[in-house]
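Novice: One structure, as structure tokens, below. Some questions next.
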Amino acid sequence: MAVLNIYNSFHPILNKPTKYIDEIDDQIINLANNMLETLHNTGNGIGLAANQVGESKSLIVIDLSEAKDYKGAKPIVMINPSIESFSDEMIEYEEGCLSIPDFYENLMRPAAIQVQYYDLKGKEYNISTDALLARVMQHEIDHLNGILFYQRLSKLKLTLAKNKLNKIKNGTTLPNYPFVLPNGQLVVQTVS
Ligand code: ZN
């Protein structure tokens, strides 16, 4: 297994839809395992989409095992996930993103969803979920569609966040994991 580089949200690969996975081969299985290791390496990440590690594929990993109310939960790998329905009820949660370091905002989204996906063995799932898991899934499935969570903020919030986002875009704000800037440059922070 290997820790992969995480791409900055302003890199073009994160701004376009990912490709549907036709076959779950060793390459996909390795990618999923490496994504889980990459997620754990960040220290506080709970979800990661394949395009965040530079692979334009419809694949997500989620690990809530350290999160309140989900302690010990097994990691989830989702292939070709799609949201079948959203609840009318909306809820506000604070979101962050490994591609947008040090940026957190409250965002309204549907409280519950029905989602369909496949696991690494090709088994199909149709599940209903709410709370944090529904939130992470919506955030990550947005990634697969080329959508970043700040694009869902109100115009006012987005205007207020502009300076912060510019610092992320130009590489002034960096995370403590290997990070690929919008121009493709890899930055590895050394801890002093
Ligand atoms: Zn994200």
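Derivation of every value follows stated rules applied to the coordinates shown; laboratory data play no part. Note that the coordinates shown come from a computational prediction; the quantities given were computed from them, not determined experimentally. Please note: Cβ atoms are built from the backbone with ideal geometry, for glycine as well, and neighbour counts cover all protein chains shown.
Novice: Divide the volume of the convex hull of the Cα atoms of the chain by its number of residues and quote the answer in cubic angstrom per residue.
Specialist: Details: hull volume 24.0 nm³, N = 192.
Dividing the Cα hull volume of the chain by its residue count gives 125 Å³.
Novice: Can you list residues whose amide H is under 5 Å from Tyr177's amide H, if they're 5+ apart or on another chain and H is modeled 1.01 Å from N?
Specialist: Those lying under 5 Å, H to H, from Tyr177: there are none.
Novice: When the Karplus curve 6.51 cos²θ - 1.76 cosθ + 1.60 is applied with θ = phi - 60°, which whole-Hz ³J(HN,Hα) does each residue of segment 24-40 get, with x for Gly and Pro?
Specialist: Couplings: 8, 9, 4, 4, 5, 4, 4, 4, 4, 5, 5, 5, 5, 5, 4, 4, 5 Hz.
Novice: Are any of the pairs Lys57/Lys155; Lys16/Lys169; Lys71/Lys155; Lys16/Lys155 more than 25 Å apart by Cα-Cα distance, and if so, which?
Specialist: Lys57/Lys155; Lys71/Lys155
Novice: With a/c under 1.5 counting as rounded, go ahead and sort segment 139-192 into rounded, prolate or oblate using the C-alpha gyration tensor (a ≥ b ≥ c being the square roots of the eigenvalues; past the cut-off, prolate if a/b is larger than b/c, else oblate).
Specialist: oblate
Novice: If you filter segment 56-158 for trypsin sites (Lys or Arg not before Pro), then keep DSSP loop positions with at most 16 other Cβ within 10 Å, what is left?
Specialist: Taking segment 56-158 and a limit of 16 other Cβ atoms within 10 Å, the loop trypsin sites (Lys or Arg not before Pro) found are Lys68, Lys71, Lys121, Lys123.
Novice: Expected output is a single nm value to one decimal: the length gained when fully extending between Met1 and Lys74, i.e. 0.36 nm times separation in residues minus the C-alpha distance. What is it?
Specialist: Value of the extension gain: 24.5 nm.
Novice: While we're looking at this one, here's another question. Rounded to a whole number of µm²/s, how large is the Stokes-Einstein D of segment 31-107 at 20 °C and 1.002 mPa s, given Rh as the Kirkwood radius over C-alpha pairs?
Specialist: My calculation gives 155 µm²/s for D.
Novice: Can you list the aspartates and glutamates whose alpha carbon is less than 17 Å from that of Lys123, not counting same-chain residues fewer than 8 positions off?
Specialist: Asp22, Glu23, Asp25, Asp26
Novice: Please check which bits of segment 86-121 a label hung off Thr172 would reach, taking the label as a point 7 Å along Cα-to-C-beta and the cut-off as backbone N under 17 Å.
Specialist: Under cut-off, by backbone N: 100-104.
Novice: Relative contact order of the chain, please, whole-number percent, based on alpha carbon pairs below 8 angstrom and at least 6 residues apart. The partial results should precede the final answer.
Specialist: On the way: 361 pairs, mean separation 49.3, N = 192.
In percent, rounded to a whole number, it is 26.
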